[in-house]
Amino acid sequence: MRNTNRALNRLLLTFLGIVLLGAGAAVIAAGTLPWAAELWTNTAQGIREQARGLVATAPLPEPIRGWWLLAGIAVPLLGAGLSAAWLASQGGGKTPRLAEQSEGSAGRTVIDAGLVSTAVREALSGNAEVLSTSVSAWESRRGTALHIRLEARKGASPKELADTVEQLLGKMDAWLGHPIPALVRITSGTRTQLSGSRRAR
Amino acid sequence: MSKDPMIRRLVRRETHSSRAIPSLVAASVLLVAFLWLALESVLWMLKDQPLLASPAQILRWLEGLPKTTIPAGMAAAGAGLALIGLLILGLALGRGRRHRRALESDRAAVVIDDDVIAAAVSGRVRLAAGLAPGQATTTVGGRSVRVQVRPTSGRRLEVESVRKAVDGELAAYGLDRPMMSGVQVLKEGVVGQ
């Protein structure tokens with residue numbers, strides 16, 4: 001339900017993987033092949049000399065000495081900024097507001113996710129097959145969706161639970177006036193989840 | 001599978017990994033590395049003491065690396081780097097499927113954990129064959145459901161009825177991916193209660 005940009009994650013991880021793979025291959029080659037080691041040393045030397053030459057081309061008074069030195073600081077800072085942006089793009093999208101309707105000067109109607117959460121919890125509290133319920137609303141560019149998470153008792157029929165929730169959603173649609181896209185997730189208890197096994201007796 | 005693109009998208013996002021954790025780790029490492037490089041550059045420009053190594057020292061160290069390190073060390077370090085790269089590539093390009101699946105529904109995106117299905121199938125088998133808890137074990141894999149039944153000794157087990165119960169239960173779910181089912185009856189039984 002989160003608004004993580006998954007394509008971006010895949011793209012950046014692919015790029016990072018290729019860079020690391022390439023670096024690894026270069027290090028192996030430099031360690032085992034004499035001509036590769038020579039190429040490695042020459043390239044590094046070339047970069048160092050070029051950097052020294054560049055610093056002299058655009059001089060600045062002490063203590064900065066050169067514009068290219070400033071660029072040498074700006075580039076890692078830019079990289080740090082982009083990394084921070086990548087970090088910040090993970091997750092997000094949870095909203096306390098499930099629906100909102102504005103009627104001009106007549107006012108605005110806002111439905112809180114808490115209202116639906118309480119209603120769902122109340123409706124399922126008598127169900128022995130459901131151990132716990134959590135309801136949240138998530139916002140994306142495509143609209144707001146409802147996330148209902150049920151913890152099922154061990155051995156409970158997922159079909160029956162799904163039907164129960166579907167009926168509940170049908171009632172809610174009639175109650176709220178228009179259907180809200182919903183995701184129903186049926187999980188087992190946290191203890192079995194931690195063990196990481198998909199086996200059950 | 002639902003026709004509604006919004007529901008389809010919800011199912012797809014819930015049953016596949018977002019790669020958020022590898023991304024968080026990679027971005028954090030990159031952030032720290034870039035900040036460190038920037039700091040070292042500033043310190044070097046101000047002719048101050050470097051924290052770990054100045055940019056000039058790093059370049060010189062890199063330059064002499066093939067000469068100062070034994071070939072085996074270089075090969076091992078390179079293999080380590082390449083392995084991490086391959087691991088990240090695998091995470092990025094793999095399918096990233098989680099152990100959940102979608103159940104047929106007209107109204108909502110219903111996603112169930114595989115262990116819930118396993119527990120329900122075990123329960124159904126126990127009911128169909130009159131077994132005690134622990135006599136039926138179900139494993140749900142990517143495309144298969146395997147049921148292991150330990151019969152009660154001295155009592156005949158109707159394998160057909162077990163098979164029918166498993167298939168009936170799976171058919172009722174209307175899962176988005178077809179599942180192969182297999183029933184295995186163990187040779188050793190348990191002492192009846």
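The values are calculated or read from the model by the stated rules, or taken from the named source; none is laboratory data. All values derive from a computational prediction rather than experimental measurement. Ideal geometry is used to build each Cβ from the backbone, glycine not excepted, and the neighbour counts take in all protein chains shown.
One line per residue, one yes/no per condition, for (1) within 30 Å of B:Arg143 (Cα to Cα); (2) at pLDDT 90 or above; (3) not assigned by TED's automatic domain parsing to the domain that holds B:Leu175; (4) not aliphatic (A, V, I, L, M):
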site: B:Arg12; (1), (2), (3), (4): yes, yes, yes, yes
site: B:Ala33; (1), (2), (3), (4): no, yes, yes, no
site: B:Asp48; (1), (2), (3), (4): no, no, yes, yes
site: B:Glu63; (1), (2), (3), (4): no, no, yes, yes
site: B:Pro71; (1), (2), (3), (4): no, no, yes, yes
site: B:Ala76; (1), (2), (3), (4): no, yes, yes, no
site: B:Ile84; (1), (2), (3), (4): yes, yes, yes, no
site: B:Leu89; (1), (2), (3), (4): yes, yes, yes, no
site: B:Arg107; (1), (2), (3), (4): yes, no, no, yes
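Could you figure out which of (1) part of a helix (DSSP H, G or I); (2) under 18 Å from B:Thr15 (Cβ atoms) isn't true of B:Asp176?
(1)
Which one of these does B:Lys164 not meet: (1) of a type in the set (Lys, Arg); (2) touching a residue at least 24 places away in the same chain (Cβ under 8 Å); (3) within 18 Å of A:Ser157 (Cβ to Cβ); (4) at the interface with chain A (Cβ under 10 Å from one of its Cβ atoms)?
That leaves (4) as the condition not met.
For region B:1-119, which helices (runs of 4 or more DSSP H) that fit wholly inside it have 2 or more residues that are touching a residue at least 40 places away in the same chain (Cβ under 8 Å) and either in contact with a His (Cβ under 9 Å, 6 or more places away or on another chain) or more than 7 Å from chain A (Cβ to nearest Cβ) (or both)?
Result: B:5-15.
Looking at A:Ala51, A:Ala37, which one is surrounded by 13 or more Cβ atoms within 10 Å (Cβ to Cβ), assigned by TED's automatic domain parsing to the domain that holds A:Leu12, modelled with pLDDT under 85 and in a helix (DSSP H, G or I)?
Only one candidate passes the filter, namely A:Ala51.
Identify all residues within region A:71-97 that are at the interface with chain B (Cβ under 9 Å from one of its Cβ atoms), surrounded by 14 or more Cβ atoms within 10 Å (Cβ to Cβ) and under 30 Å from A:Ile111 (Cα atoms); write none if there are none.
If the condition is that a residue be at the interface with chain B (Cβ under 9 Å from one of its Cβ atoms), surrounded by 14 or more Cβ atoms within 10 Å (Cβ to Cβ) and under 30 Å from A:Ile111 (Cα atoms), then A:Ser89, A:Gln90 are the ones that fit.
Take the conditions buried (at least 19 other Cβ atoms within 10 Å of the Cβ) and either at pLDDT below 95 or of a type in the set (Gly, Ala, Ser) (or both) and apply them to B:Ser28. Does it pass?
It is false that B:Ser28 is buried (at least 19 other Cβ atoms within 10 Å of the Cβ) and either at pLDDT below 95 or of a type in the set (Gly, Ala, Ser) (or both).
Given the conditions (1) crowded, with 16+ Cβ neighbours inside 10 Å; (2) closer than 30 Å to A:Arg52 by Cβ, which single one is not true for B:Lys47?
Of everything listed in (1) crowded, with 16+ Cβ neighbours inside 10 Å; (2) closer than 30 Å to A:Arg52 by Cβ, B:Lys47 misses just condition (1).
Listed residues B:Ser2, B:Ser17; which is closer than 27 Å to A:Trp86 by Cα, hydroxyl-bearing (Ser, Thr, Tyr) and either surrounded by fewer than 18 Cβ atoms within 10 Å (Cβ to Cβ) or at pLDDT below 90 (or both)?
B:Ser17 is the lone residue from the list that is closer than 27 Å to A:Trp86 by Cα, hydroxyl-bearing (Ser, Thr, Tyr) and either surrounded by fewer than 18 Cβ atoms within 10 Å (Cβ to Cβ) or at pLDDT below 90 (or both).
Kindly list, by first and then second residue, each pair from a residue in region A:22-43 that is within 7 Å of chain B (Cβ to nearest Cβ) to a residue that is of a type in the set (Asp, Glu), limited to pairs with Cβ atoms under 7 Å and residues at least 6 apart or on different chains.
Qualifying pairs under 7 Å: A:Thr41/B:Glu63.
Check region B:146-153 and report whether any residue there is under 27 Å from the mean Cα position of the chain (by Cα) and either among the charged types (D, E, K, R) or closer than 30 Å to A:Leu183 by Cβ (or both).
Yes: one or more hits.
From the list A:Asn9, A:Asn5, pick out the single residue that is closer than 30 Å to A:Thr144 by Cα and either more than 7 Å from chain B (Cβ to nearest Cβ) or in contact with a strand residue (DSSP E or B) (Cβ under 7 Å, 6 or more places away or on another chain) (or both).
Among A:Asn9, A:Asn5, only A:Asn5 is closer than 30 Å to A:Thr144 by Cα and either more than 7 Å from chain B (Cβ to nearest Cβ) or in contact with a strand residue (DSSP E or B) (Cβ under 7 Å, 6 or more places away or on another chain) (or both).
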